[in-house]
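Here the structure comes first, spelled out in structure tokens, and everything after it is commentary.
Read-outs: derived from the displayed coordinates by stated rules, not from any lab. Note that the coordinates shown come from a computational prediction; the quantities given were computed from them, not determined experimentally. Note: ideal-geometry Cβ built from the backbone for every residue, glycine included; neighbour counts use all protein chains shown.
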Amino acid sequence: MRRYETDSPQAAGRVLALAMVVDGNLAQSELAALDSSRILQYIDLDQEGFQVLLQELCQDMLTSAFHGEVRIDGAMLDGLLDEIRHPDLRRQLMQAMWRIADADGWLADAEAVLLARASTLWCAETNFSGQARIAA
């Protein structure tokens, strides 16, 4: 799997692309959700650049296919998510990923795994800051 600079538009775009294809189906409604979220503008990535990232992600995933089945193991998923470190970027991506996952009206198991892992790694329970809140 390719590596991108931490918090780069490419790293963020790949996470969005993964949210779109992780269930094995790229739905038109997911593309519409991506567009309406305006997340590409937020991460400073144009539509053409996103399409390139989407193709590269699919190529990378196919190189690790086993007997025609594409799998993303936990370590690979963690590596992709770890390229996103900034709390605000994590929060914006998480919102967009949920919109994408909800777009087709069905939350696939693979989408649920991705969202749960992102929530865990990105410290959703601590407001994405990596620091636990202290109760008064």
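At-a-glance table
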{"read-out": "Stretchable slack from residue 29 to residue 112, in nm (0.36 nm times residue separation minus alpha-carbon distance)", "value": "28.1 nm"}
{"read-out": "Residue-averaged 222 nm ellipticity for the chain, from DSSP H runs of 4+ at -39500 (n - 2.57), nearest 500", "value": "-18500 deg cm²/dmol"}
{"read-out": "Global form of region 1-64, assessed from the alpha-carbon gyration tensor, a/c cut-off 1.5", "value": "oblate"}
{"read-out": "Alpha-carbon gyration tensor eigenvalues x 5, square-rooted, for the chain, Å", "value": "23, 17, 16"}
{"read-out": "Net charge over other residues, Cβ less than 12 angstrom from the Cβ of residue 54 (K, R count +1; D, E count -1)", "value": "-3"}
{"read-out": "Region 39-98 shape via C-alpha gyration tensor axes, a/c threshold 1.5", "value": "oblate"}
{"read-out": "Relative contact order (%) - region 9-126, alpha-carbon pairs under 8 angstrom, separation at least six", "value": "40 percent"}
{"read-out": "Inter-centroid distance (Cα atoms) of region 41-101 relative to region 1-29, Å", "value": "2 Å"}
{"read-out": "Full-stretch length increase - residue 86, residue 102 - with 0.36 nm per residue and alpha-carbon distance subtracted", "value": "3.3 nm"}
{"read-out": "Nearest 10 degrees, 0 to 90: helix 9-21 Cα axis against the chain principal axis", "value": "60 degrees"}
{"read-out": "The chain: angle of helix 47-63 to the longest principal axis, Cα-based, in degrees nearest 10", "value": "70 degrees"}
{"read-out": "Angle between the chain longest axis and helix 87-102 axis [Cα atoms, degrees, rounded to 10]", "value": "50 degrees"}
